[in-house]
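Report on one structure; see the data block that follows.
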Amino acid sequence: PQNARYSRLIFEAPCTEEIHGMIGYFDCKLYNQVHISTNPLNETPDMVSWFPMYFPISSPIPVRAGEPIRVDIWRCLDSSKVWY
């Protein structure tokens, strides 16, 4: 399928904690000074066409500060639906 996607993200745990899920924000520079975002740090006011997405984890994952965290995510689809 044309809009199927896969990505691997690797980043460092900023502190010792439990991960209960991941949140995804949309942030895009479209052209020159045109920018849209759902990130609370630079959110586009009154934008109603894009929203943050939360991916819960069924069992919390403990991590220590400095440990690498790897996330593999797929965007799958068929003729009637899209899922992650």
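The values are calculated or read from the model by the stated rules, or taken from the named source; none is laboratory data. Note that the structure is predicted; figures quoted are calculated from it, not measured. Cβ placement follows ideal geometry from the backbone for every residue including glycine, while neighbour counts extend to all protein chains displayed. Please note that ligands, DNA and RNA were not included when accessible areas were found on the heavy atoms of the full protein model with its side chains. Shrake-Rupley method; radii C 1.70, N 1.55, O 1.52, S 1.80 Å.
Couple of notes before you dig in:
- Computed extension gain for SER58 through THR44, at 0.36 nm per residue and net of the alpha carbon distance, reaches 1.9 nm.
- Label-to-label distance, ILE10 versus SER37, with points set 7 angstrom from Cα along the beta-carbon direction: 2.7 nm.
- Three-way shape label, the chain, alpha-carbon gyration tensor, a/c 1.5: oblate
- Burial order of peptide ranges 21-27, 61-67 (average beta-carbon count within 10 Å, highest first): 21-27, 61-67
- The residues of the chain expose on average 84 square angstrom of accessible surface per residue, using a 1.4 Å probe on protein heavy atoms.
- Here the calculated FRET efficiency for TYR25 and ASP78, from their Cβ-Cβ distance with R0 = 30 Å, stands at 0.70, rounded to the nearest 0.05.
- What you get for the chain, charging only the Cβ of Lys and Arg (+1) and of Asp and Glu (-1), is a dipole of about 320 debye around the Cα centre.
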